Amino acid sequence: MPRVRCAPASRARRKKIMKMAKGYVGGRSRTLKQAKETVERALCYAYRDRRNRKRDFRRLWIARINAAARLSGIHYNRLIEGLRKAEIALDRKVLAELAISDPSAFKNIADRAMVALKV
């Protein structure tokens, strides 16, 4: 029985890492050991930052909604409370987009939220 050398599999593993390391500077794109360490670290950051991106966008949307709400004469937390009471189901992404692209529609929504708070 001939000895099995895992050449195709190990070459494929190395090629996969080197392909992912393409564009890195210096030895990080040329030597397997450095490329492996760098790619592993990059994948960890990518995993972490996919979650952080969601947080960052939510913070951005809230800041935009708050700015537009204050121009309409209401605070952010009161606006959200009013929207819940008025049963207007718009998420923060849509509200933020409305605040930027269509301020009159946002003002209309804010007014409806204020009416719901007073009732």
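Structural remarks
- Residue check, residue 64 out of contact with any His (no Cβ under 7 Å at 6 or more places or on another chain), basic (Lys, Arg) and without any contact (Cβ under 8 Å) to a residue 24 or more places away in the chain: no
- Screening 43, 98, 60, 117 for residues that are assigned to a helix (DSSP H, G or I), at pLDDT below 95 and either under 30 Å from residue 15 (Cβ atoms) or of a type outside the set (Lys, Arg) (or both) leaves exactly one candidate, 117.
- Residues of segment 71-85 that are over 24 Å from residue 56 (Cβ atoms) and surrounded by fewer than 17 Cβ atoms within 10 Å (Cβ to Cβ): 73, 78, 81, 84, 85.
The values are calculated or read from the model by the stated rules, or taken from the named source; none is laboratory data. Everything numeric in this text was worked out from a predicted model, so none of it was measured. Cβ: placed from backbone, ideal geometry, glycine included. Neighbour counts: every protein chain shown.
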